[in-house]
Structures are given as structure tokens and as C-alpha cells.
Amino acid sequence: MVYIMKTTVELDQKLLRKAKQALGTQTIKDTIHASLDEVVRRRKLQVFADALGTIPLDLTLPQLQAQRNKRTTHGSA
């Protein structure tokens, strides 16, 4: 169920204009909704990344660079 709420807020007009441009939105309402969606999306990604933890790797710098090259060339093929 979606709950809608009307509210009055003071907004920095320059920041709103920058957010509209960055998000590709036209209205204040769409900009605020897109901004809130983005904050929630980033938080979920951060929680997911934190849950993964780290993987200890015993690689030299050249080995690491070779692995990175494999990943970038594989994706572009």
C-alpha cells in the first residue's frame, strides 16, 4: 500500500536545480522522489557490499593488474 503525504519544505533552489539536472527530472516532486529512491538504492548496495566482506588475496601487483585486464577486456568483447 502506498501512502501519500503533502508537506511544505524549504529547498535550496540551486541545489534543486542541480539535482534536477543530475537526475533528469522536470518537477520538484519527481526530483525529490528520484533523490529518495537513489538514497535508498545506495544504502541497499552498501549493506550488500558490507555483507560480502573482503576476500584475502595473495596477489602481486602484476597479477592483480592481469586479473583486472581480464575483467575489462571480457566485458567489452
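For VAL47, what accessible area in Å² do you get when you roll a 1.4 Å probe over the heavy atoms of the protein chains, rounding to the nearest 10?
VAL47 exposes around 80 Å² with every protein chain in place.
Of the lysine pairs in the chain, how many meet both conditions: Cα atoms under 25 Å apart, and a spacing of 8 or more in sequence or different chains?
So the count works out to 10.
Test of understanding: express the Cα radius of gyration of the chain as a ratio to 2.2 N^0.38 Å, with N the residue count.
Values: Rg = 20.4 Å, N = 77, 2.2 N^0.38 = 11.5 Å.
For the chain, the normalised Cα radius of gyration is 1.78.
Counting helices only, and only those DSSP H runs with n ≥ 4, report the 222 nm mean residue ellipticity of the chain as the sum of -39,500 (n - 2.57) divided by its residues, in deg cm²/dmol to the nearest 500.
-22500 deg cm²/dmol
Just the accessible area per residue of the chain, please: how many Å² with a 1.4 Å probe? Walk me through the numbers before you get to the answer.
On the way: 7760 Å² over 77 residues.
The answer is 101 Å² per residue.
Once the whole set of protein chains is in place, how much accessible area is left on LYS70, using a 1.4 Å probe, in Å² to the nearest 10?
120 Å²
The values are calculated or read from the model by the stated rules, or taken from the named source; none is laboratory data. In this text, all values refer to a predicted model and were calculated from it rather than measured experimentally. The area values use the complete protein model at the heavy-atom level, side chains included, leaving out ligands, DNA and RNA. Shrake-Rupley method; radii C 1.70, N 1.55, O 1.52, S 1.80 Å.
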